[in-house]
1. Based on the Cβ-Cβ distance from residue 70 to residue 43, what FRET efficiency comes out when R0 is 30 Å, to the nearest 0.05?
2. Just grab the label-to-label distance for residue 79 and residue 51, each label 7 Å out from Cα along the Cβ direction, in nm (one decimal).
3. Report the net charge of residues surrounding residue 107, where surrounding means a beta-carbon distance below 13 angstrom and charges are Lys +1, Arg +1, Asp -1, Glu -1.
4. Quick check on the exposure proxy: order 109, 79, 116 from fewest to most C-beta atoms within 10 angstrom.
5. Hand me the trypsin sites (Lys or Arg not before Pro) from the range 33-93 located in a DSSP loop with no more than 14 other Cβ atoms within 10 Å, in residue order please.
Amino acid sequence: MSRLSLFNSPLLLGFDHFERTLDRISKSGHEGYPPYNIEQIGDDQLRITLAVAGFAIDDLEIQIEDNQLVVRGRQTDDSERIYLHRGIAARQFQRSFVLAEGIEVTGASLDNGLLSIDLQRPKVEPQVRTVPIRKPAARERQNGAANVTVNAPAKS
């Protein structure tokens, strides 16, 4: 069964990467851990803050994979500890954010169990460009649009 594409209009040329991005977003887990905030901290700056209490800097990893910001956390059990009650489990997570074209990750910091990732949105300058229209050469008009040359096989 074929799927109906949102971007199959002939007027939307080159937007197939948006469809792939929407597929990636819909397939990402809707798990709620770790909780996060996204805030605007300037005209062209954003900050993602994740609550990662109990994770050390060495337990966290931030990567950018094909316009996708991926944050991974992995805690390891301390085998030297003897727990009488264990209500805080060592856990791992992966949280993904799809970044718009041109968004730059400018830095990250861990403070009091909050991992902050700063993003910079580029300023978009409107661009107007004129495409010149050229006339076909005289020879192209005489031979038509398709100019095919066939090489004859060599004689032995």
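No value in this document is a laboratory result; all are computed from the given coordinates. Small disclaimer: the values here were computed from a predicted structure and weren't measured. Cβ coordinates were reconstructed from backbone atoms using ideal geometry, including for glycine residues, and neighbour counts include every protein chain displayed.
1. The pair residue 70/residue 43 has a calculated efficiency of 0.65.
2. If labels sit at residue 79 and residue 51, their model points lie 3.3 nm apart.
3. Taking every other residue near residue 107 into account, the sum is -2.
4. Ascending number of Cβ neighbours within 10 Å: 79, 109, 116.
5. Loop-located and lightly packed - 81, 86, 91.
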